[in-house]
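The values are calculated or read from the model by the stated rules, or taken from the named source; none is laboratory data. Everything quoted here is computed from the prediction, not taken from an experiment. Using ideal geometry, Cβ is built from the backbone for each residue, glycine included, and neighbour counts are taken over all protein chains shown.
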Amino acid sequence: MNRDWDVNNNNKNEKPYLKDRHFGDYGGRYVPEMLITALEELENFYMSIKEDGGFQRELEYLMTHYSGRPMPLYFAPNLTKRCGGCKIYLKQEGLNHTGAHKINNVLGQALLAIKMGKGTVIAETGAGQHGLATASAAAKMGLKCKVFMGDVDMRRQYPNVYAMKLMGAEVVPVSYGTRTLKDAVTAALKYWIEHLEDTHYLLGSALGPYPYPLIVRDFQSVIGREVRQQIWEMENRDPDILVACVGGGSNSIGLFYPFLENEEIEFYGVEAGGLGPEPGNHAVRFGPGGKTGIIQGYKSYFLQDENGQVLPTHSISAGLDYAGIGPELAYLHDTGKIVFKSVTDEEALEAFQVLCREEGIIPALESAHAIAYALKIAPGYAADKIMVVNLSGRGDKDIFITAKALDRENWFQFLREEVQDDQPH
């Protein structure tokens, strides 16, 4: 085992299942002709610069001095004791600048945009963390920024909307369709088609038309590379179990990818079970409603009805409330490399409270899904086994959701008093 793992450079040896812009049968580049040139420009430029020493040094500087990497790998003694099974470690991505793993990819792509001579970045966002990270990087790097967000998500994630505006970004509400992440992606793609010359679409998850799944995965793989170095320093070996929540899939593939060649590790991706199994009540792509399709420029699993139309989705966590999933994860599901499970809103809220009370960590609701599943399975492993759970973000952004769910009366009283205090006397 080579312990001299390079945590700064992307993996030089691509996995053999990536061929002709597809991950197995999934991925591809199914877009209008007018986008082909822009995607080819992005692909060629990225492949030419991804291993360039100067580019990597600039990105490493931003990661270290702006975002704060490396993120801690924290042994959770109280969770471990509570479960009575394997040792539980938490990768603290919520300690990143802007509060989530999203900044990893954003810094890389914003730097790409500057090198390509683009003066504007656009982004889609659900939970708001990707939008916030994009607005932050744009402000730092002198880029114009426009963020597309479903108006349902804007209401439930207002703290992030406010912060994006503070940083100078224009937040564009999307008021058609489900008014959530799926439609924000569509709106961003439409805008990009109309403004290709000076605009880079800074896509936030490991999906969309190629080369985005590759680019996002490469920039997010810093998570898994750091975990590998840190766990060897702490335990002198690789972990046995890896757990991450899965919306589009950037935090999960970022954790999993550097470990995929280890045949002994168990990989678990946790989807949003929402309110239950009825169509429209969840976002479980690897279940009865999930079918292969080509939507928003790529081939993968999507929640669809009998006519191939995208079904509405639901999750208490805006970042998991999406009908599709990244193509590399779709391939790894089919091969059995990653096992996908789901957690309901209720279970995620319970895990949210457990982590708060046991370890003094307030997780994002997305990350609470991963914690919920980890709490289920940890007791079944021997004490000498090691589990790493990716805490993809912190819970500041979810105050309007968690306070309403867990402290409803006091929360509403606080809001009423705030409104009353603001009235003229």
Criterion (within 26 Å of residue 34 (Cβ to Cβ) and either at pLDDT 95 or above or in contact with a helix residue (DSSP H, G or I) (Cβ under 6 Å, 6 or more places away or on another chain) (or both)) met by exactly one of 216, 185: 216
Residues (among the hydroxyl-bearing types (Ser, Thr, Tyr), surrounded by fewer than 24 Cβ atoms within 10 Å (Cβ to Cβ) and not in a strand (DSSP E or B)) located in the stretch 252-276: 257
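Residue by residue, here is whether (1) outside the structural domain of residue 315 (by TED's automatic domain parsing); (2) surrounded by fewer than 14 Cβ atoms within 10 Å (Cβ to Cβ); (3) at negative phi; (4) in contact with a Cys (Cβ under 9 Å, 6 or more places away or on another chain) holds:
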| site | (1), (2), (3), (4) |
| --- | --- |
| 379 | no, yes, yes, yes |
| 386 | no, no, yes, yes |
| 390 | no, no, yes, yes |
| 394 | no, no, yes, no |
| 397 | no, no, yes, no |
In the stretch 118-147, residue nearest to residue 323 (Cα to Cα) [restricted to those that are touching a residue at least 24 places away in the same chain (Cβ under 8 Å) and assigned to a loop (DSSP other than H, G, I, E, B)]: 126
Subset of the stretch 45-94 [in a loop (DSSP other than H, G, I, E, B) and closer than 19 Å to residue 250 by Cβ]: 50, 68, 69, 70, 71
Qualifying positions in the stretch 388-415 - in a helix (DSSP H, G or I) and touching a residue at least 24 places away in the same chain (Cβ under 8 Å): 395, 396, 397, 398, 399, 400, 401, 402, 405, 406
Pairs, first under 15 Å from residue 121 (Cα atoms) in the stretch 155-169, second polar (S, T, N, Q), C-beta under 6 Å, six or more apart: 167/136
Residue within the stretch 174-186 that is within 20 Å of residue 133 (Cα to Cα), buried (at least 24 other Cβ atoms within 10 Å of the Cβ) and free of Cβ contacts under 8 Å to residues at least 60 places away in the same chain present: yes
Test for residue 403: is it exposed (fewer than 14 other Cβ atoms within 10 Å of the Cβ) and at pLDDT 95 or above: no
Residue in the stretch 156-166 that is more than 22 Å from residue 57 (Cα to Cα), aliphatic (A, V, I, L, M), surrounded by fewer than 16 Cβ atoms within 10 Å (Cβ to Cβ) and modelled with pLDDT of 95 or more present: yes
